[in-house]
Every structure is written in C-alpha cells, then in structure tokens.
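J.: Before I ask anything, let me first share the structure, which is written out below as structure tokens.
Coordinate-derived values only; no laboratory data. These numbers were taken from a predicted model, which means no experiment stands behind them. Cβ: placed from backbone, ideal geometry, glycine included. Neighbour counts: every protein chain shown.
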Amino acid sequence: MEIAFTKADKLKDHPEDSALGFGTCFTDYMFNMDYSPEKGWHNARIEPYGPIQMDPSTMVLHYGQSIFEGLKAYKTKSGTIQLFRPNDNLQRLNRSGRMLCMPELDQKMVLKALKELVKIEKDWIPSEPGTSLYIRPTIIATDPYVGLRSSHTYRFFIILSPVGAYYPEGFDPVKIWVTTDHVRAVRGGVGTAKTAGNYAASLFATELAHKEGYTQVLWLDGVELKYIEEVGSMNIFFMIGDELVTPELNRSILAGVTRDSVIQLAKSWGMKVVERKISIDEIYEAHDNGTLKEVFGSGTAAVISPVGMIKFKGREISIADGEVGPVAAKLFNELMAIQYGSSEDPFGWTVPVI
Ligand code: COI
C-alpha cells in the first residue's frame, strides 16, 4: 500500500531533553489510515499532527471501542535509531482488536509505515540517557451511531512523543496501594486487551491511592480479591528468596512485552523465574519472614520501576528499606543497554530504523 505524505507548513520547536516528562509533547507528523467494509484498510497517509474531527455520535466516544499500544524508538550512541520489539506490540494490537471486534491490521505494512514515520521524525528522538521516542498506535471506532453494536468503520493512527521518565520518582522506588474495594478486570472480560475501558476502570481507585500518598494501585483478582494481578501501568515482579515470581497470564492481566523481556533476561542469567498465582497474604508473609527481597514493576513507559512501599488493609510494609534492589537495577541497566544499542542483543529484540 502506498503511503501519501503531506508536508507541514510550520514545524514546532523541540523541547530540551532534560525537560522531558511523559506524554505531553507530540511531534510534527502522524500516520493515519481508515477502514471500511468495502475498501478494507485504505488511505494510508503521513500528515501533520493535528485534531481528528468527528461527529458527536462517533461510536468510540460512547462505547469505548478503542485499542492502543505503547512502544519506543531509541537513538544509539552511534546515531542509529532502533525500535524495541515492535512486532510483539503489533501482534498484541491485533490480539486486542480481535477481542474488541475490530478488523486486523497487516503487521508488515504497519511496521513499514511506523518506520517511515519515525524516520521522518528522527530529529525528535532525544538522546539523553533515559529518554526515548514513545510511539502510540491506536484504533478507534468511527461510525456515527449511538445504537450498541461494533462499528463498521475505524481509524488507525500513530502519534509520537519524546519522553523521559514515566513516574515523577524516575528510577526511585514508588509506593503502591492495594485495594479490595475495586477491581480492574475479571477473567472472561477484556483485561488482557489494551483497551481504553481497562484504564478508565482504574482511575477512581488510582485517585484514592494518590490521596493516600501512593503512586499507583496494585490490583487483586476480581473474583476472590486475593491474588495479585498487575499495577495500572505495569506488570509486577517479586524477588522471594532466590526466585523471581510474577503473576501468571490468567486471562485478566496484560501480557506485557517488557514483562516477557524481564523473564527472558532473568532466565538467561540462570535465575529461577516462576509464573504463578501469588496471593497478597503470601507477600506479607514473605516480608515478615525476611524472604521478600525486592518488588518492581515492568512496562514500556515505566521500563523497570522499583517498589519501595506497599499498603494493604491499613498495614504498610517497606521493601528493601525503600532502596533500589540489585535485581531491579541489573534488569534496568541490561534492558536499557539493549534498547540503546550499547550491549549485544542476543534475543533479536531490536529492529533498526536507520
Ligand atoms: C505503556 O507502558 O506503554 C502503557 O501503555 C501504559 C500507559 C498507562 C502509559
């Protein structure tokens, strides 16, 4: 499929790398493509970043039929640009799409479009350590209709944002809050899809967590409110004794690409990694008997985020004395080294753009 290009009249000023936070600044161009049952995916185009005009009855605004992904492009020391595991993200986008009754994308075509967009915007990619270009591919339902059904038409777009650390804490440990009053998703629902509704469902409890001075919510399973699932914007890992333990993919949590990278990296170092059910009570017991060594989250935006404090049913526990643990630090350094091209990539995770 040909990709049309429309040049912007005026380009924006770039922010300083050192001033970058997360998700507030967007580049000059975006990729757009439309879907209709008659034409399939069509009208692929790179054009100036700008508002999407839509009818107030557009289905995505009413029923939340939307999916998205998050991945990153990195500038290496030698000036080349590479993507981290883009095919895994695009595969998951199609998996989410199937769950939300959306038409599949041609993965190869989308990767080509993504590379073309990143190439055009290469000067937006920051180079300070810890910074990157965050990529947000999104599909939304575009039928102007307020009856409840899946849409017949869709818009796929990709926007780009130069970013620094996701959390204001940077790589300092965050505090997480466990709730038994709210759930994020249940098995059989859409918890494994990267869809807007899962994030909307997390907002109320997250506000409560913020009021209590916590950064994020650690979700428990939606049936027994006993087993650990994930944190709002990342998967979660526990170092218990000499085992790295993470909740199994139980059909309600997101199968994180960074989660999988952590598992593969840790196994390659000879560590024992276990994916299984973990109850919150077990974590408190491990803390009390001294075997809980570290807790950290993993995600594209968050990368590796150490957890320094957990609060559950009014009891707060401190992890690794609120310091960054050695496993989280090693994973963070090694992942970043692969992503920025300063270390060999024996896993074949990086994909060159230029
Ligand atoms: C990501 O890590 O890329 C995500 O999509 C999480 C989002 C809440 C920022």
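J.: Give the calculated FRET efficiency between E224 and D288 to the nearest 0.05, with a Förster radius of 30 Å applied to their Cβ-Cβ distance.
T.: 0.90
J.: If you take the square roots of the eigenvalues of the alpha-carbon gyration tensor of the range 122-209 and sort them as a ≥ b ≥ c, do you get rounded (a/c under 1.5), prolate (a/b over b/c) or oblate?
T.: oblate
J.: Compute for the range 174-339: radius of gyration divided by Kirkwood radius, i.e. Rg/Rh, restricted to C-alpha atoms, rounded to two decimals.
T.: When Rh is taken as the Kirkwood radius, the ratio is 0.93.
J.: Subtracting the Cα-Cα distance from 0.36 nm times the residue separation, let me have the gained length for R45 to R136 in nm, one decimal.
T.: Contour length minus the Cα-Cα distance gives 31.2 nm.
J.: Taking H placed 1.01 Å from N in the peptide plane, check which residues at least 5 places from V231 or on another chain put their amide H under 5 Å from its amide H.
T.: Those lying under 5 Å, H to H, from V231 are W219, I236.
J.: Further question on the same structure: What's the FRET efficiency of R276 with S342 using the Cβ-Cβ distance as r and R₀ = 41 Å, to the nearest 0.05?
T.: 0.75
J.: Once phi is turned into ³J(HN,Hα) by the Karplus curve 6.51 cos²θ - 1.76 cosθ + 1.60 with θ = phi - 60°, what whole-Hz value does each residue of the range 256-263 show in order, with x for glycine and proline?
T.: So the J values, rounded to whole Hz, are x, 6, 5, 3, 5, 5, 4, 4.
J.: Over every pair of different alpha-carbon atoms in the range 253-354, take the mean of 1/r and invert it; report that Kirkwood radius in Å.
T.: 15.2
J.: For D242 paired with M109, estimate the spin-label separation in nm (one decimal), with each label point 7 Å from Cα along the Cα-to-Cβ line.
T.: 5.2
J.: Using only Cα atoms, locate the centre of the range 176-234 and the centre of the range 21-36, then give the distance between them in Å, rounded to an integer.
T.: Comparing the Cα centres of the range 176-234 and the range 21-36, I get a distance of 27 Å.
J.: Moving on. If the elastic network links every pair of Cα atoms under 10 Å, which of D288, D260, D28 fluctuates the most in the Gaussian network model of the chain?
T.: D288
J.: Using a cut-off of 12 Å between beta-carbons, work out the net charge of the residues near S342 (Lys and Arg +1, Asp and Glu -1, S342 not included).
T.: Net of charged neighbours comes to -1.
J.: Quote the relative contact order of the chain in percent (integer), defining contacts as alpha-carbon pairs under 8 Å separated by 6+ residues.
T.: 19
J.: So what's the back-of-envelope 222 nm ellipticity for the chain, counting only DSSP H runs of four-plus at -39500 (n - 2.57) apiece and dividing by all residues, rounded to 500?
T.: Dividing the helical sum by the residues of the chain leaves -7000 deg cm²/dmol.
J.: Strictly over 25 Å apart at the Cα level, which of K75/K108; K75/K267; K211/K293; K72/K108; K12/K119 would you flag in this model?
T.: Going by Cα-Cα distance, K75/K267; K211/K293 fall outside the 25 Å limit.
J.: Given labels modelled 7 Å from the Cα in the Cβ direction, how far is it in nm from N87 to S268?
T.: In this crude label model, N87 to S268 measures out at 1.6 nm.
J.: Now a separate question. Give me the net charge for the shell around P126: Cβ to Cβ below 12 angstrom, other residues only, Lys and Arg +1, Asp and Glu -1.
T.: -2
J.: Would any residue of the range 46-62 have its amide N under 14 Å from a label point 7 Å out along Cα→Cβ of L148? List them or say none.
T.: Flagged as within label range: 62.
J.: Turning to a different aspect of this structure: Around I46, with a cut-off of 12 angstrom between Cβ atoms, what is the net charge of the other residues, counting Lys and Arg +1 and Asp and Glu -1?
T.: Around I46, the surrounding residues sum to 0.
J.: If you don't mind, there's one more thing I want to ask. Would you work out the relative contact order for the range 157-269, in percent, from Cα pairs under 8 angstrom that are 6 or more residues apart?
T.: After rounding, I find 25 percent.
J.: Quick check: the angle from helix 326-339's long axis to the longest principal axis of the chain, C-alpha only, nearest 10 degrees?
T.: Helix 326-339 sits at roughly 20 degrees to that axis.
J.: A further question follows. Consider all pairwise Cα distances in the chain and report the whole-number % of them above 36 Å.
T.: It works out to 22 percent of all Cα pairs.
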